[in-house]
Amino acid sequence: MLKQFILVFTLTIASSLAQTSPVTISLEGRLVERGTRKPLDGVAVYVVPQPSSSNEPQSRFKTTTDQNGNFHINGVPEGSFTWIVNEAGFVKLEQTDSQLAGANSDSRSLYLERDSYQVYETTVYGKEDKRDGSTKVLNRKHFMKAAGSGGDPLKAVQDLPGVNRPQSFSSQVLIQGSGPQDTQYLLNNVEVPLVFHFGGITSVLLPEAIDRVEVFQAGYGPEWGRANGGLVGAWTREPRKDRLHGLLSVDTFTTGGLLEGPIGDRSRFLVTARQSYIGQVVRAAVGNRPEFDLTVVPTYSDASAVFESEITERDKLQVSAFGSQDSLQFLLKEPLKTDPIVRGNFDNATSFFRFIPQLTHKHGETATSRFTLGFGRDFIRIVTSDNYFKLNTYQLSARGEFENQFSESWKAYFGFDNRFTWANVDVNLPYFFAGGGVMNPLSEGTVRHSTVLARYSAEGFYARNEVKIPETKFTLLPNLRIDYFSQTSEWIPEPRPAVRYAWNDSLTLRGAGGLYYQPPQPQETDPTFGNPAIVAPRAWHLNLGADKDFREGSAHGWFVSGDAFYKILQRLVVPSNGFVNRGGQLTTENFNNNGSGSVIGFQTQAKYDAKPWSFSAIYTLSKSKRSQPGQPDYPSQYDSTHLIGLLGSVDLPRNWSISGRFRYSTGNPKTPIANASFDADNDVFTPIRGPYFSTRLPNFYQLDLRFDKKWIFDTWILSLYLDIFNVTNHMNQELLVYSYDYKQTSAVQDLPILPTFGLKGEF
Amino acid sequence: MKHLLLLVIAVSTFASGCGKDNFPRYTTLSGFRVLGLKATPPETTPGSTVAMQALLSDIGGGGRTVSYTVQLCSDPGIGFGSDPTCSGRSDTITSTGTINTLTANTYTAAVTLPNITVPSNIFSSRNIVDQYNGVAYLVVYTFVAGTTQIVAFKRIIASSKSIQNTNPSIIDMTVNNASLTALPNGTVTVYPSIVSGSQENFPVLNGNGTTSYFQENLTVTWFASDGSFSHQRSQNTDGNSYSAPGSSPTDHATVLVGVVRDGRGGESWLIRSF
């Protein structure tokens, strides 16, 4: 009896144990975003074991990822199971797996695919900068997929309001009716001489390394100066520090790469390099022509590097470096038909580099200091036969700023902004005269030779104050900058007051203005080529603007901004062909400060977001005039009455996106040729100009389209784009060329429809 | 910098043939043309007199009379962008004349024009660099043939240099090392025979007082009334490919012209007709 009881008891217990304690396993792994391998934090991960029979109820195990995407689950029955991750914004993951108890258990890697990887918007909108409301900002998400600009951050600037369309074969940024010499370019706070390769094919920056581009327009603050039109600045992004990342890109003209990652716990780096093969494309396309032999195909390359480190909890160091070079040579088989002084070998090379350490020190919660040094070299060489221009310049920039919130209502920035230049120039060139935008033949210009060893300094000191008037909606900004230019030996105070009125949370009214000076171009004060009596040109700015965010917290809706601007331009440097008595002797004046002008205009931008659609419209109305002795008032060479831009994009399933851009602008002003005289000494005809810029080229319009597609793999992403420039093949007229005696003209058209492809792989 | 960029773009554009057109060819002689103006000597001293010649062509003009007006004045600064005109200059001297020598069957000829005397005070108030390198005296001709008017100008250089510029000299056109005396068949390469020493060395006084030395680059411009040259200009003694017409036209001779220039105001020419 006892034996029977023990047997039954044992069987019952055994049976019970068999039912309640199956063999279990532990699982661990890491959940990351597919393609980018970005860890996903706080995401629920389910494990659903395979039921042993159809009658068995389905059990489910759940865990949540930590900040590194790691997860761990205990007590899962051995055998087959399914991973399930169902997170908003991602494609649902269902992945079968198996694991037996006692077997080696590897850590799992789960890759969760986002619904869409087309995260970048193509529309552009003016974001109110924290300091100046009139400053326009382009972030990476804006420029990377802007149609018509090939992802180039600086070419996309033309899609902003107030940025005029340059004349063809150029990407110079013209701000609100000012000339190209009135725009200054910055890389990581340091001035650089140029930002484009070869007349604007592309900028000198790999787009993927750039965080944002800012355009400082009328009424910009005291922190910057020496630019009467405005500034365009590009800033590199912070290198990623989670792991090593890289990309390789190939397009029609260039190939480039980027590598970035952490160095220890506190530091990180980013390097880029790019090399063109445009020359090989050109050589294949045109070969050696009857007119010339391409002895050195056009080529360009650029590179950049960024190192960042949190030296201490209060100190952050960033060291960046940029370099760029362009070169081209060809041999003319006969002197240029229209200008025989241009003959023989033509050689052009340009290059620059900048090395920029920056230190930011936080004194406390309310005070911060920033210091930037910039050291670099600029080199230009242009040689045609006996004529040449060789420039070798070393430049040191030093900026510093102290920012402090002195009280609840007063915040101030005090700083300096200095630039020192050592220039070695060797010139043997005929005088250039391009009055009214029409160039006289170089053959008839007086050839002058000069070797210049010059030192220039430009020193600036500024104070920016933001004073909130208690119990009102006003913020007053009584700003001041003081500049010194060694070229003209001038100390110049430049008051730049501004005011803001916060009507409500979504509507801000603002006004800014003041005085702006820039040093003359170096050749303008040179004793041989210029006039040592030249003084710094100046501009008065006034800008009244408003920003209204109709979204008021919603993700969808309108954002509208508008600015009215007025600029008075004085002491402009203009060419002079007169003679003056200098030191008791008659000599050519070359330049004087007798130019003046004004710009008045209005610009607006409206952006509407309703994902997956995005749309933006810009409109600029402006009138830019110039005056100089001997000419009736005339439109500026860069005057454009109407500028319209329409930009739109849509993200489609399967990681497709389409974006488009339509641009319209009033035709560029041009100077008619009234007659021409035969210069028997030089075998050329000299144009006799009509009133400057009194006619215009036909209006410009163009439609560009861009298609993007991404393929997502577990550990890398492949992207392909097709950017079609001038989809309608509209023949925009950009230049006029003339018969030898200027009696007949022929139009030079802008580029026809031009598709460009790009391929990018990134991990 | 901006202008240099313009130069690069301009050279690249035109050299690459982006400005292709259906313009009349510079090298084809048709209608009234002014091909050259020669001063002998091209560079002189203040107060000196120079001889003037014009090289004119009026193929199809039927030997008509060409009238001209000449204006003389100090250079208003053409090399620095001033329009090449004496209008409004206080020292302008004006005279007129006619030419009746553009006759059958070449209708192309070198025409002797009145001599010109450079003012003796042309150096007045000019600095020593300008005086050494040369101060220009402007000569502006307005030629009228029928309804065609052409304005052509030349600078006569007055300088203080001890060795002054002279005109280069072209004395022959050769094909296969033989003088070109008959209309060639097909396409041939025509070479200019330029007198030895035409390519002179010359000094330039710089603004800082130093002197630089250069050698002239000679340029030969080619013209043809019939047939065509492959290039508008050749350099120094380089040849130029000429495709001759099948036969000479009946109403005029086939005329070939080479005009050599030294880039400093010196020039001369050679006419061949078949």
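Values for this structure:
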| read-out | value |
| --- | --- |
| Strands (runs of 3 or more DSSP E) fully within the range B:39-157 counting 2 or more residues that are exposed (fewer than 13 other Cβ atoms within 10 Å of the Cβ) | B:93-99, B:108-117 |
| Lone unmet requirement of (1) under 30 Å from B:ILE157 (Cβ atoms); (2) away from every other protein chain (no Cβ under 12 Å) for A:ASN682 | (2) |
| Only listed residue being open to solvent by 10 Å² or more (accessible area, probe 1.4 Å), modelled with pLDDT of 85 or more and under 19 Å from the mean Cα position of the chain (by Cα), chosen from A:PRO153, A:PRO180 | A:PRO180 |
| Enumerated strands (runs of 3 or more DSSP E) restricted to the range A:468-514, each holding at least 3 residues that are open to solvent by 50 Å² or more (accessible area, probe 1.4 Å) | A:490-495, A:498-504 |
| Residue within the range A:544-567 that is under 25 Å from A:PHE433 (Cβ atoms) and open to solvent by less than 30 Å² (accessible area, probe 1.4 Å) present | no |
| Residue list for the range A:662-692, filter: open to solvent by less than 10 Å² (accessible area, probe 1.4 Å), touching a Leu at 6+ places or on another chain (Cβ under 6 Å) and over 20 Å from A:LEU736 (Cβ atoms) | A:ALA680 |
| Every residue from the range A:72-90 that is loosely packed, with under 15 Cβ neighbours inside 10 Å and either without any contact (Cβ under 8 Å) to a residue 24 or more places away in the chain or within 42 Å of the chain's Cα centre (by Cα) (or both) | A:ASN86, A:ALA88, A:GLY89 |
| Unique residue being assigned to a loop (DSSP other than H, G, I, E, B), within 11 Å of chain A (Cβ to nearest Cβ) and open to solvent by 40 Å² or more (accessible area, probe 1.4 Å) when the list is B:GLY197, B:GLY263 | B:GLY263 |
| Filtered residue count, the range A:183-224, keeping only those that are modelled with pLDDT of 90 or more, assigned to a helix (DSSP H, G or I) and of a type outside the set (A, V, I, L, M) | 2 |
| Out of A:PHE379, A:PHE346, sole residue that is out of contact with any Cys (no Cβ under 8 Å at 6 or more places or on another chain) and more than 9 Å from chain B (Cβ to nearest Cβ) | A:PHE379 |
| Top-ranked residue in the range B:176-194 [being open to solvent by 20 Å² or more (accessible area, probe 1.4 Å) and of a type in the set (A, V, I, L, M, F, W, C); ranked as farthest from the other protein chains (Cβ to nearest Cβ)] | B:ALA182 |
| Flag if A:LEU429 is surrounded by fewer than 21 Cβ atoms within 10 Å (Cβ to Cβ), under 27 Å from A:ASP526 (Cβ atoms) and among the aliphatic types (A, V, I, L, M) | no |
| Some residue of the range A:324-340 being buried (at least 21 other Cβ atoms within 10 Å of the Cβ), under 27 Å from the mean Cα position of the chain (by Cα) and within 14 Å of chain B (Cβ to nearest Cβ) | yes |
| Count of the range B:65-80 residues which are at pLDDT below 95 and in contact with a Gly (Cβ under 6 Å, 6 or more places away or on another chain) | 1 |
| Hits in the range A:190-248 (condition: of a type in the set (Phe, Trp, Tyr) and farther than 25 Å from A:PRO161 by Cβ) | A:PHE198 |
| Residue pairs meeting the criteria (Cβ under 8 Å; at least 6 apart or on separate chains; first more than 19 Å from B:ILE271 (Cα to Cα), in the range B:189-205; second acidic (Asp, Glu)) | B:GLN199/B:GLU216; B:GLN199/B:ASP262; B:GLU200/B:GLU216; B:GLU200/B:ASP262; B:ASN201/B:GLU216; B:PHE202/B:GLU216 |
| Matching residues, the range A:542-586, being of a type in the set (Val, Ile, Thr) and in contact with a helix residue (DSSP H, G or I) (Cβ under 7 Å, 6 or more places away or on another chain) | A:VAL573 |
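Yes/no matrix, rows are residues, columns are (1) of a type in the set (Asp, Glu); (2) within 14 Å of another protein chain (Cβ to nearest Cβ); (3) on the phi > 0 side of the Ramachandran plot:
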position	(1), (2), (3)
A:PHE389	no, yes, no
A:GLU401	yes, no, no
A:SER407	no, no, no
A:ALA423	no, yes, no
A:THR475	no, no, no
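The values are calculated or read from the model by the stated rules, or taken from the named source; none is laboratory data. Just so you know, these numbers come straight off a predicted model, no measurement behind them. A quick note on method: Cβ atoms are made from the backbone with ideal geometry, for glycine too, and the neighbour counts reach across all protein chains shown. Only protein heavy atoms, including side chains, enter the accessible area calculation; ligands, DNA and RNA are left aside. Shrake-Rupley method; radii C 1.70, N 1.55, O 1.52, S 1.80 Å.
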